[in-house]
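Single-structure report; data block below.
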Amino acid sequence: TDLLDNRLRLNAAVFFNDYKDIILNLSNCTAQTGSPTTGVPCALPANVGTAEVWGAELEASLRLGGGISVDATASVLDFKYTDTGVATGVTTDMITPFTPEQKYSLGVMWEGDIGTGGTLLARADASYQSSIQSAAINLSTDINPFNSNATHVPGYTVVNARITWRGAEDLWETSLEVNNVLDKLYFFGGADWSTN
């Protein structure tokens, strides 16, 4: 929907997925092939079970005047296994790899006309992602969606900034960009090669 004389735009979505026959990769294929020579490493796809996934997303953009605009997003996700095979070692209180429960972002941009010199644009944005489990490999359970402390990735926030010059005829532009302005160290994933 558009509001405030089309200066504010809101988009929203709510969804539900009945997720059946979830396929993830085995880390040990001995049990499936009967041969220890096909054990580790292995990447054989296997059925882990079923799950229900609820989610909601919201997007907003607002033009404030004076060349300033703001945009924001928010999403929440509730993943719940409803059934898992005993042999997988996956329990219904675990979650699939790389599934954050919350994600948020906020951006602010200014655009100014500098006459025959073209246009200047300056933007700063921040994004947050809640903690996840990365693709664990546990040799006792044979399957890689196993959740563990080693594969737990804490939530993190990343801030970026960019300034852009655009030519008067929109034929050329150049930008100076800084990613991870706060110079924070954060992890995308981890590995668990334990046997217990």
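The values are calculated or read from the model by the stated rules, or taken from the named source; none is laboratory data. A quick note: this is a predicted structure, and the numbers were derived from the prediction, not measured. Here the Cβ positions follow ideal geometry from the backbone for every residue, glycine too, while neighbour counts run over all protein chains shown. Note: accessible area is taken over every heavy atom of the protein model, side chains too, but ligands, DNA and RNA are not part of it. Shrake-Rupley method; radii C 1.70, N 1.55, O 1.52, S 1.80 Å.
Quick notes
- In this structure Glu57 has an accessible area near 90 Å², from a 1.4 Å probe over the protein heavy atoms.
- Amide H contacts of Gly118 (H built 1.01 Å from N, under 5 Å, at least 5 apart or other chain): Ala168
- The accessible-area ordering, largest first, of the residues Leu62, Leu171, Leu182 stands as Leu171, Leu182, Leu62, per a 1.4 angstrom probe.
- Given a 1.4 Å probe and the protein chains as shown, Tyr104 ends up with an accessible area of around 90 Å².
- Theoretical gain in end-to-end length, Tyr104 to Ala74 [0.36 nm per residue, Cα-Cα removed]: 10.4 nm
- 16 Å reach of a label modelled at Val181, 7 Å along Cα-to-Cβ, counting backbone N of the range 50-76: 68-72
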